[in-house]
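Working notes for the structure below.
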Amino acid sequence: PIILQAGKREGVVMTYKLSPRRVNLFIECERCFWLHINEGVKRPSGPFPSLPGGMDDIIKNHFDKFREKGRQPPELRESEVDATPINDTELLEDAREWRNQPKYHNKDNDVLLRGGVDDLLRTRDNSIIVLDYKTRGYPPKDEVPDYYARQVNLYNLILRKNGFTTADHGLLLYYYPDQVQETGEVLFKNELKQVPVDIEAAQQLLRDAADTLNATIPDHNPDCDFCDWTPQSH
């Protein structure tokens, strides 16, 4: 998650706690975002699917085994990625747990940014590549969703502001089901996608989010279905 601490509202310094999901909410609807953070009025949510979380744990364990051996897992060997899972386990454990370091505090607008990664790779020139796992029910499309690109940008911003050199791109590793064998085992395929890193876009996103939270509530968004049930009296 990401924490934004900025400005004043009614004379009181506010601390705004955000996550990549909440930043995405800011992109979807500024009014819903404002109400969620400033008033605690949240969109209704259904049950969260457990499969992606379970897959993330299995994939992390899979990569960790190759990390211990200093080797590439087959997902990387079969691609053109010239990098191995990072051997700095202390950095990786902290980067995976968003409550720990590394984090980035922008003192210009008092924004504190934190975020948890899935994995980090190390290239031959000692740069770090942010790797994010994605479990889907179908093969990925050619174009990377903007939400994933924003995640990669924010993670890279944190690392660079903490003195780490990161590559000019991140990686998304998609897993999706392929077939069920006669034994009942479900086979998955995987596919890697590169995502260009845009640090300025990440910084501008944080500035825009802070500005919105410190302003009056945004107008009703006619393209947002959720705006129809949120309080209209604000």
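The values are calculated or read from the model by the stated rules, or taken from the named source; none is laboratory data. In this text the structure is predicted, and so the values were computed from the model without any measurement. Neighbour counts run over all protein chains shown; Cβ positions are idealised from the backbone, glycine included. These accessible areas exclude ligands, DNA and RNA; they are computed on the full protein's heavy atoms, side chains included. Shrake-Rupley method; radii C 1.70, N 1.55, O 1.52, S 1.80 Å.
One table, with the values for the structure above:
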quantity: 10 Å Cβ shell holding at most 11 others, DSSP loop, trypsin sites (Lys or Arg not before Pro): longest site-free stretch of the chain; calculated: 1-98
quantity: DSSP-loop GluC sites (Glu not before Pro) across segment 81-171, with at most 11 other Cβ within 10 angstrom; calculated: Glu143
quantity: Net +/- balance of residues flanking Arg99 in space, Cβ distance below 14 Å, scoring K and R +1, D and E -1; calculated: +1
quantity: Carbon + sulfur, % of accessible area of the chain - ligands and nucleic acids excluded, 1.4 Å; calculated: 46 percent
quantity: The chain: relative contact order in percent, alpha carbon pairs under 8 Å with at least 6 residues between; calculated: 21 percent
quantity: For the chain, accessible area per residue (1.4 Å probe, heavy atoms of protein chains only), Å²; calculated: 56 Å²
quantity: Loop GluC sites (Glu not before Pro), segment 172-234, which have at most 15 other Cβ atoms in a 10 Å radius of their Cβ (DSSP); calculated: Glu182, Glu185
quantity: Estimated vicinal HN-Hα couplings, Hz - segment 191-199 in sequence order (Karplus 6.51, -1.76, 1.60; Gly, Pro = x); calculated: 8, 9, 10, 8, 10, x, 8, 10, 5
quantity: Segment 129-198 shape via C-alpha gyration tensor axes, a/c threshold 1.5; calculated: prolate
quantity: Difference of contour (0.36 nm per residue) and Cα-Cα distance, Ser45 to Asn61; calculated: 2.8 nm
quantity: Extension reserve of the Arg21-Asn87 stretch, reckoned as 0.36 nm per residue once the Cα distance is removed; calculated: 20.9 nm
quantity: Cα centre as origin, Lys/Arg/Asp/Glu Cβ charges: segment 77-234 dipole, Debye; calculated: 460 debye
quantity: Unit charges at the beta carbon, dipole of segment 111-234: most positive-side option, Leu120, Ile199, Phe226; calculated: Leu120
quantity: Lysine pairs in segment 90-234 with Cα atoms under 21 Å, if 8 or more residues apart or on separate chains; calculated: 6
quantity: Gln204-Arg96 FRET efficiency (beta carbon distance; Förster radius 30 Å; 0.05 resolution); calculated: 0.70
quantity: Contact order normalised by residue count of segment 108-234, Cα under 8 Å, 6+ apart, percent; calculated: 23 percent
quantity: Residue (of Asn162, Thr84, Gly70) at the positive-pole extreme of the chain, dipole from beta-carbon charges; calculated: Asn162
quantity: Cα gyration tensor shape for segment 47-137, rounded if a/c is under 1.5, else prolate or oblate; calculated: oblate
quantity: Three-way shape label, the chain, alpha-carbon gyration tensor, a/c 1.5; calculated: oblate
